[in-house]
Amino acid sequence: MATTKKEPVDMKLEIVLLGVSDVDLAKAFYEKLGWRLDADFVKGDDFRAIQFTPPNSQASIIFGKGVPSSKPGSVQSLTLVVDDIEAARENLIGRGAKVSEVFQYAGGPFNNTGKNPRVSGRDPQGRSYYSFASFEDPDGNGYLLQEIKTRLPGREWRSASAGKIDIATLAGLLHDTEQHHGSYEKTHGKHNWWDWYAPYLSARKNGSTPEQAAVDTNRYMEEKAGN
(Lines give C-alpha, C1' and ligand atoms only; values in the text may rest on other atoms or scores of the structure.)
Protein backbone atom coordinates (compact mmCIF):
# COMPACT_ATOMS: atom_id res chain seq x y z
CA MET A 1 0.00 0.00 0.00
CA ALA A 2 1.46 3.32 -1.08
CA THR A 3 1.93 5.96 1.58
CA THR A 4 1.80 9.69 1.05
CA LYS A 5 4.81 11.59 2.31
CA LYS A 6 3.68 14.27 4.74
CA GLU A 7 5.33 17.64 4.73
CA PRO A 8 6.52 18.83 8.17
CA VAL A 9 4.36 21.44 9.86
CA ASP A 10 5.82 24.89 10.46
CA MET A 11 7.73 25.11 13.72
CA LYS A 12 9.26 28.53 14.22
CA LEU A 13 11.67 29.04 17.10
CA GLU A 14 10.45 32.37 18.46
CA ILE A 15 11.16 32.60 22.20
CA VAL A 16 14.20 32.10 24.41
CA LEU A 17 13.62 32.41 28.17
CA LEU A 18 16.35 34.15 30.17
CA GLY A 19 16.98 34.19 33.88
CA VAL A 20 17.76 37.64 35.31
CA SER A 21 18.26 38.82 38.89
CA ASP A 22 17.05 42.40 38.44
CA VAL A 23 14.16 42.75 36.00
CA ASP A 24 14.26 46.54 35.71
CA LEU A 25 18.04 46.58 35.21
CA ALA A 26 17.74 43.97 32.45
CA LYS A 27 14.89 45.88 30.82
CA ALA A 28 16.93 49.09 30.78
CA PHE A 29 19.89 47.26 29.23
CA TYR A 30 17.92 45.80 26.34
CA GLU A 31 16.05 49.04 25.74
CA LYS A 32 19.38 50.84 25.44
CA LEU A 33 20.51 48.26 22.88
CA GLY A 34 17.60 49.41 20.71
CA TRP A 35 15.74 46.11 20.84
CA ARG A 36 11.98 46.31 20.33
CA LEU A 37 9.95 46.12 23.54
CA ASP A 38 7.02 43.86 22.68
CA ALA A 39 5.46 43.43 26.12
CA ASP A 40 5.80 44.26 29.79
CA PHE A 41 2.97 42.30 31.33
CA VAL A 42 2.28 42.34 35.08
CA LYS A 43 -0.25 40.22 36.94
CA GLY A 44 -0.38 40.71 40.67
CA ASP A 45 2.79 40.81 42.75
CA ASP A 46 4.20 37.48 41.62
CA PHE A 47 4.30 37.66 37.84
CA ARG A 48 5.91 39.95 35.31
CA ALA A 49 6.93 39.03 31.76
CA ILE A 50 9.01 41.26 29.51
CA GLN A 51 9.62 40.46 25.85
CA PHE A 52 12.26 42.03 23.60
CA THR A 53 13.08 41.35 19.96
CA PRO A 54 16.44 42.21 18.34
CA PRO A 55 16.18 44.38 15.21
CA ASN A 56 14.69 42.42 12.30
CA SER A 57 14.80 39.15 14.25
CA GLN A 58 12.13 36.46 14.07
CA ALA A 59 13.02 35.24 17.58
CA SER A 60 12.58 37.09 20.87
CA ILE A 61 13.73 36.86 24.47
CA ILE A 62 11.48 36.81 27.53
CA PHE A 63 12.50 37.36 31.14
CA GLY A 64 10.81 38.53 34.30
CA LYS A 65 9.37 37.38 37.60
CA GLY A 66 7.56 34.07 37.85
CA VAL A 67 8.71 33.16 34.33
CA PRO A 68 10.07 29.61 33.91
CA SER A 69 13.76 30.11 33.20
CA SER A 70 17.26 28.98 34.01
CA LYS A 71 19.50 30.63 36.61
CA PRO A 72 20.51 34.23 35.89
CA GLY A 73 23.52 34.32 33.61
CA SER A 74 23.42 30.64 32.69
CA VAL A 75 22.26 31.06 29.07
CA GLN A 76 25.28 31.34 26.79
CA SER A 77 26.15 31.75 23.11
CA LEU A 78 22.79 33.11 21.95
CA THR A 79 23.79 33.93 18.39
CA LEU A 80 22.84 37.16 16.62
CA VAL A 81 23.55 37.07 12.89
CA VAL A 82 24.83 40.31 11.33
CA ASP A 83 26.04 41.13 7.83
CA ASP A 84 28.74 43.56 9.03
CA ILE A 85 30.31 42.53 12.32
CA GLU A 86 32.39 45.70 12.72
CA ALA A 87 29.37 47.96 12.24
CA ALA A 88 27.26 45.84 14.61
CA ARG A 89 30.02 45.87 17.21
CA GLU A 90 30.42 49.65 17.02
CA ASN A 91 26.66 50.15 17.31
CA LEU A 92 26.43 48.00 20.43
CA ILE A 93 29.42 49.69 22.05
CA GLY A 94 27.83 53.05 21.33
CA ARG A 95 24.75 51.83 23.19
CA GLY A 96 26.72 50.86 26.29
CA ALA A 97 27.43 47.16 25.73
CA LYS A 98 30.90 45.78 26.43
CA VAL A 99 31.71 43.88 23.25
CA SER A 100 34.78 41.76 22.69
CA GLU A 101 37.20 42.24 19.85
CA VAL A 102 36.35 40.30 16.69
CA PHE A 103 37.62 36.73 16.82
CA GLN A 104 37.41 33.38 15.04
CA TYR A 105 37.36 29.84 16.36
CA ALA A 106 40.63 28.01 15.71
CA GLY A 107 38.81 24.77 14.92
CA GLY A 108 36.00 26.33 12.89
CA PRO A 109 32.69 28.01 13.85
CA PHE A 110 31.52 27.21 17.40
CA ASN A 111 34.39 24.76 18.01
CA ASN A 112 35.20 25.64 21.61
CA THR A 113 37.58 22.73 22.15
CA GLY A 114 41.29 23.03 22.78
CA LYS A 115 43.34 25.17 25.15
CA ASN A 116 42.85 28.45 23.25
CA PRO A 117 39.82 28.00 21.00
CA ARG A 118 39.42 31.68 20.15
CA VAL A 119 41.86 33.36 17.80
CA SER A 120 42.01 37.16 17.69
CA GLY A 121 40.90 38.86 14.49
CA ARG A 122 38.30 38.24 11.82
CA ASP A 123 38.52 35.35 9.38
CA PRO A 124 41.42 36.25 7.04
CA GLN A 125 39.49 34.93 4.06
CA GLY A 126 36.40 37.00 4.92
CA ARG A 127 34.19 33.93 4.88
CA SER A 128 30.60 34.00 6.11
CA TYR A 129 30.01 32.10 9.38
CA TYR A 130 33.64 32.41 10.58
CA SER A 131 33.93 35.83 12.28
CA PHE A 132 32.50 36.46 15.76
CA ALA A 133 32.32 38.91 18.68
CA SER A 134 30.68 38.48 22.08
CA PHE A 135 28.95 40.46 24.82
CA GLU A 136 26.85 39.86 27.94
CA ASP A 137 23.81 41.34 29.62
CA PRO A 138 24.06 42.57 33.24
CA ASP A 139 23.55 39.04 34.60
CA GLY A 140 26.13 37.44 32.32
CA ASN A 141 23.75 35.88 29.80
CA GLY A 142 26.03 35.64 26.79
CA TYR A 143 25.59 36.57 23.14
CA LEU A 144 27.65 35.94 20.04
CA LEU A 145 27.64 38.14 16.96
CA GLN A 146 28.22 36.00 13.87
CA GLU A 147 28.90 37.59 10.50
CA ILE A 148 27.01 36.03 7.59
CA LYS A 149 27.13 37.89 4.30
CA THR A 150 26.08 34.98 2.08
CA ARG A 151 24.27 31.90 3.33
CA LEU A 152 25.16 28.42 2.19
CA PRO A 153 22.69 26.77 -0.22
CA GLY A 154 19.65 25.30 1.48
CA ARG A 155 19.99 27.48 4.59
CA GLU A 156 16.82 29.52 4.03
CA TRP A 157 13.18 28.46 4.14
CA ARG A 158 11.07 29.46 1.18
CA SER A 159 7.51 30.67 1.48
CA ALA A 160 5.39 31.29 -1.59
CA SER A 161 3.13 33.69 0.29
CA ALA A 162 5.85 35.72 1.97
CA GLY A 163 5.45 39.43 1.43
CA LYS A 164 2.13 39.23 -0.42
CA ILE A 165 -0.79 41.41 0.64
CA ASP A 166 -4.08 42.02 -1.14
CA ILE A 167 -5.17 45.51 -2.19
CA ALA A 168 -8.14 45.70 0.20
CA THR A 169 -5.96 44.79 3.18
CA LEU A 170 -3.31 47.30 2.15
CA ALA A 171 -5.95 50.02 1.79
CA GLY A 172 -7.22 49.24 5.28
CA LEU A 173 -3.72 49.41 6.73
CA LEU A 174 -3.05 52.73 4.99
CA HIS A 175 -6.28 54.17 6.38
CA ASP A 176 -5.39 52.93 9.87
CA THR A 177 -1.93 54.47 9.51
CA GLU A 178 -3.36 57.81 8.41
CA GLN A 179 -5.74 57.89 11.39
CA HIS A 180 -3.01 57.24 13.97
CA HIS A 181 -0.58 59.59 12.26
CA GLY A 182 -3.17 62.33 12.64
CA SER A 183 -2.98 61.95 16.42
CA TYR A 184 0.81 62.13 16.29
CA GLU A 185 0.76 65.30 14.15
CA LYS A 186 -1.36 67.16 16.71
CA THR A 187 1.23 66.79 19.47
CA HIS A 188 4.56 66.83 17.61
CA GLY A 189 6.55 69.25 15.50
CA LYS A 190 7.13 69.34 11.77
CA HIS A 191 8.32 66.07 10.28
CA ASN A 192 8.13 64.00 7.11
CA TRP A 193 4.91 62.00 7.16
CA TRP A 194 6.59 59.07 5.39
CA ASP A 195 9.09 58.70 8.24
CA TRP A 196 6.12 57.94 10.53
CA TYR A 197 4.10 55.92 8.01
CA ALA A 198 6.87 53.44 7.18
CA PRO A 199 7.59 51.99 10.66
CA TYR A 200 3.90 52.06 11.66
CA LEU A 201 2.75 50.29 8.50
CA SER A 202 5.56 47.76 8.81
CA ALA A 203 4.69 47.02 12.45
CA ARG A 204 1.00 46.55 11.66
CA LYS A 205 1.79 44.31 8.70
CA ASN A 206 3.96 42.17 11.01
CA GLY A 207 1.19 41.68 13.57
CA SER A 208 1.48 44.54 16.07
CA THR A 209 -1.70 46.03 17.48
CA PRO A 210 -2.46 49.65 16.50
CA GLU A 211 -1.58 50.78 20.03
CA GLN A 212 1.76 48.96 20.14
CA ALA A 213 2.62 50.01 16.58
CA ALA A 214 2.01 53.66 17.53
CA VAL A 215 4.19 53.34 20.65
CA ASP A 216 7.01 51.71 18.69
CA THR A 217 6.76 54.26 15.87
CA ASN A 218 6.79 57.21 18.29
CA ARG A 219 9.89 55.74 19.92
CA TYR A 220 11.50 55.39 16.49
CA MET A 221 10.74 59.04 15.69
CA GLU A 222 12.26 60.17 19.00
CA GLU A 223 15.43 58.18 18.30
CA LYS A 224 15.60 59.52 14.75
CA ALA A 225 15.26 63.11 16.01
CA GLY A 226 18.03 62.51 18.54
CA ASN A 227 20.53 61.27 15.95
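Which FRET efficiency, nearest 0.05, do N91 and V9 yield, Cβ-Cβ r, R0 35 Å?
For R0 = 35 Å, the calculated efficiency reads 0.45.
Count charges around V42 for me, please; just the other residues with Cβ under 11 Å from its Cβ, Lys/Arg as +1, Asp/Glu as -1.
Taking every Cβ under 11 Å from that of V42, the sum is 0.
In this model, which of K5/K149; K12/K65; K12/K149; K12/K32; K32/K65; K98/K190 are farther than 31 Å apart at the alpha-carbon?
K5/K149; K98/K190
Counting only other residues whose beta carbon sits under 14 Å from that of W196, what net charge do I get with K and R as +1, D and E as -1?
-2
Can you give the convex hull volume per residue for the Cα atoms of the chain, as a whole number of Å³?
Hull volume normalised by residue count: 225 Å³.
For S134, what residues show an amide H to amide H distance below 5 Å, using hydrogens built from the backbone and excluding near sequence neighbours?
S100, L145
Using a Gaussian network for the chain with springs between C-alpha atoms less than 10 Å apart, which of these wobbles most: V75, V119, V102?
Sorting by GNM fluctuation, first place goes to V119.
Which of P55, P153, P68 moves the most in a Gaussian network model of the chain with Cα springs under 10 Å?
P153
Let me see the P(r) profile for region 1-54: every Cα-Cα distance counted, bins of 5 Å, each bin given as a percent of all pairs.
Computed distribution, short to long bins: 4, 13, 22, 18, 10, 7, 6, 5, 5, 5, 4, 2, 0.
Please identify, among G121, G94, G172, the residue showing maximal mean-square fluctuation in a Gaussian network model of the chain using a 10 angstrom Cα cutoff.
G172
Mind ranking W193, W35 by accessible surface for me, highest first, 1.4 Å probe?
W193, W35
Can you list the HN-Hα couplings for region 118-129, worked out from phi with the Karplus curve (6.51, -1.76, 1.60; θ = phi - 60°), rounded to whole Hz and with x for Gly and Pro?
My calculation for region 118-129 gives 9, 10, 5, x, 6, 4, x, 8, x, 6, 5, 6 Hz in order.
Amide H to amide H under 5 Å from T79: which residues, 5+ apart in sequence or cross-chain, H placed 1.01 Å off N in plane?
Under 5 Å from the amide H of T79: L144.
DSSP beta bridges in the chain, what fraction antiparallel, as a percent rounded to 5?
Of all bridge pairs located within the chain, approximately 70 percent are antiparallel.
What is the log10 of I(q)/I(0) for region 93-182, computed with the Debye formula using one identical point scatterer on each Cα and no solvent, at q = 0.20 Å⁻¹?
Here log10 of I(q) over I(0) equals -0.96.
222 nm [θ] for the chain, helices only, -39500 (n - 2.57) per DSSP H run of 4+, per residue, to 500?
The per-residue figure over the chain is -10000 deg cm²/dmol.
Once amide H atoms are built 1.01 Å from N in the peptide plane, which residues 5 or more positions from V16, or in another chain, come under 5 Å H to H?
Here S60, I61, I62 satisfy the definition.
How would you classify region 1-109 from its alpha-carbon gyration tensor, with a ≥ b ≥ c the square roots of the eigenvalues: rounded for a/c under 1.5, else prolate if a/b is greater than b/c, otherwise oblate?
Verdict is oblate for region 1-109.
The values are calculated or read from the model by the stated rules, or taken from the named source; none is laboratory data. Remember, predicted model here, so these are calculated numbers, not experimental data. Note that each Cβ is placed from the backbone with ideal geometry, even for glycine, and that neighbours are counted across all protein chains shown. In case anyone asks, the SASA skips ligands and DNA or RNA and just uses the protein heavy atoms, side chains included. Shrake-Rupley method; radii C 1.70, N 1.55, O 1.52, S 1.80 Å.
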